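Structure first, commentary second.
The values are calculated or read from the model by the stated rules, or taken from the named source; none is laboratory data. Predicted model only: the values in this text are computed from it and were never measured. Glycine gets a Cβ as well: all are built from the backbone with ideal geometry, and neighbour counts include every protein chain shown. Surface accessibility is based on the protein's heavy atoms, side chains included, excluding ligands, DNA and RNA. Shrake-Rupley method; radii C 1.70, N 1.55, O 1.52, S 1.80 Å.
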Amino acid sequence: MSFQITIEPLGQAVAVRDGQTVLDACLRAGVWLPHACGHGVCGTCKVQVLEGECEHNDSSSFALMDFERDEGKILACCATASTDIVVEADIDEDPDAQFLPLEDYQAELVEARMLTPTIRGLWLRTDRPVSFQAGQYVMLQVPGVDGERAFSIANGPNEDLVELHIRRVPEGRATGWLHDTLQVGQTLHFTAPSGRFFVRKSAGLPLIFVAGGSGLSSPKSMILDLLAEGSTLPITLVQGARNEGELYFRELFEQLAQKHPNFNYVPALSDLPPDSAWTGARGYAHDALKARFAGDFRGHTAYLCGPPPMIEGCIATLMQGRLFERDIYTEKFFTAADAANAAPRSPLFRKL
């Protein structure tokens, strides 16, 4: 049995299978709805049902409160249609967004190597080319682990292999399997593309990227895409790490900086002995960022990927330097663990 979802204000209609969530049906039809966690926790995918009936399923009572259910609101990532429905969604129209349909892929692992003591690089050959926008991510299925895991794509959109950087999470079953069990020649399955983290090229403004740990994945893809297109906009990458052993792909970015006059690479190390031979920036990523731009970020756009403390420090530094929210972009992932450990509080306290 299938039903039809009509999405307002677009007026577009998509088919939904029995048991398929509203969000999945829309994404697979190339219709983007705001979403984040995918587990019914954050409330980002909340939409208004104007006509028809839905089942709420596993929607959190804190992300979707009783009075909201009474008003006809649903969480698209959990809700399934019981009839044909019409929903109203808060859809941003962004001139730089590519509305690519979500698809399922099968891939063979053709190369794997440790990039740092805690990050393993995987290179996957897929059964057909993967369409994605630089900065987006895949939802990867891990054998023996419930649910999917999000990993940013690190290669440029026109490359043959899909590149993922997997940071080992202590006691994490998924990342433990991807580090210790997965071998070259084995097959993986994922859906792509996901996310709304992409370069706002139409702004025509100089670009700042700040990356920490495996958060380098998205900026690497975005920078490679910009340079491959021949962008002449000034591009700066600040890569933060504790020591040189965690500063991966340094040689690549140094080569790109030599080849492209508009690209500037600033590696910064935060945990070095005073007598270290390191001649680059010392301190945290936001310290190097402030020093590179003399504390004035006006007229730029910034893209931040990394641990929450790094992102928070960079946002504070950027705002102190007169760059504000409309020009600062970050990527946030929610996992199944977030759903299991969700605190009983109103979604108004979680700003995305």
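Our summary gives segment 132-180 a relative contact order of 28 percent, counting only alpha carbon pairs under 8 angstrom and 6 or more residues apart. Solvent-accessible area assigned to carbon and sulfur over segment 1-119 amounts to 45 percent, based on a 1.4 Å probe. Helix 217-228 and the longest principal axis of the Cα set of the chain meet at an angle near 70°. Restricting the GluC sites (Glu not before Pro) of segment 74-143 to loop positions (DSSP other than H, G, I, E, B) with no more than 13 neighbouring Cβ atoms within 10 Å leaves E93.
Total lysine pairs in the chain at Cα distances under 29 Å, for residues eight or more apart or on different chains: 19.
Got the relative contact order for the chain handy, in percent, Cα pairs under 8 Å and 6 or more residues apart?
About 14 percent, as a whole number.
The label-point distance for D90 and Q258, in a model that sets each label 7 Å from Cα toward Cβ, rounds to 4.9 nm. Fully extending the segment from Q141 to E229 would add 28.5 nm, taking 0.36 nm per residue of separation and subtracting the current Cα-Cα distance.
Geometric descriptor of segment 62-170, per residue, is 192 Å³ (volume of the convex hull of the Cα atoms). R242 sits among other residues whose Cβ lies under 13 Å from its own Cβ, and their net charge, with Lys and Arg +1 and Asp and Glu -1, is -2.
Database remark: amide H of K46 closer than 5 angstrom to the amide H of A76 (H placed geometrically; neighbours at sequence offset of 5 or more, or on other chains; Pro and chain starts carry no H). Contact order for segment 125-213, expressed relative to its length and based on alpha carbon pairs under 8 Å spaced 6+ residues apart, stands at 35 percent.
A full extension of the chain between R322 and D127 corresponds to an added length of 65.6 nm, given 0.36 nm per residue minus the alpha carbon distance. Within the listed set A107, A316, A97, the residue fluctuating most in the Gaussian network model of the chain (springs between alpha-carbon atoms under 10 angstrom) is A316. So if we plug the beta-carbon distance of S276 and S202 into 1/(1 + (r/R0)^6) with R0 = 56 Å, what FRET efficiency do we get, rounded to 0.05? Given R0 = 56 Å and the Cβ-Cβ separation, E is 0.85. For Rg and Dmax of the Cα atoms in Å, one of (1) 21.1, 70; (2) 19.6, 64; (3) 25.6, 90 was computed from the structure I shared and the rest are decoys. Which label? Checking each listed value against the structure points to (1). Using bins of 10 Å that start at zero, the share of Cα-Cα pairs per bin across segment 171-260 amounts to 12, 36, 34, 16, 2, in whole %.
Calculated on the Cα set of segment 1-140, radius of gyration then Dmax: 17.5, 53 Å.
Counted over segment 278-322 with a bin width of 5 Å, the fraction of Cα pairs per bin, in whole percents, is 5, 22, 32, 25, 12, 3, 0. Compared with the direct C-alpha span, the chain from S82 to E8 gains 24.8 nm at full extension, assuming 0.36 nm per residue. With contributions of -39500 (n - 2.57) from each DSSP H run of at least four residues, the per-residue ellipticity at 222 nm computed over the chain stands at -5500 deg cm²/dmol. Spin-label model, Q98/R250: points 7 Å from Cα along the beta carbon direction are separated by 3.3 nm.
Sort segment 235-333 into rounded, prolate or oblate with this rule: let a ≥ b ≥ c be the square roots of the eigenvalues of the Cα gyration tensor; rounded if a/c is under 1.5, and if a/c is not under 1.5, prolate when a/b is larger than b/c, oblate otherwise.
On the way: a/c = 1.66, a/b = 1.33, b/c = 1.25.
Here segment 235-333 falls in the prolate category.
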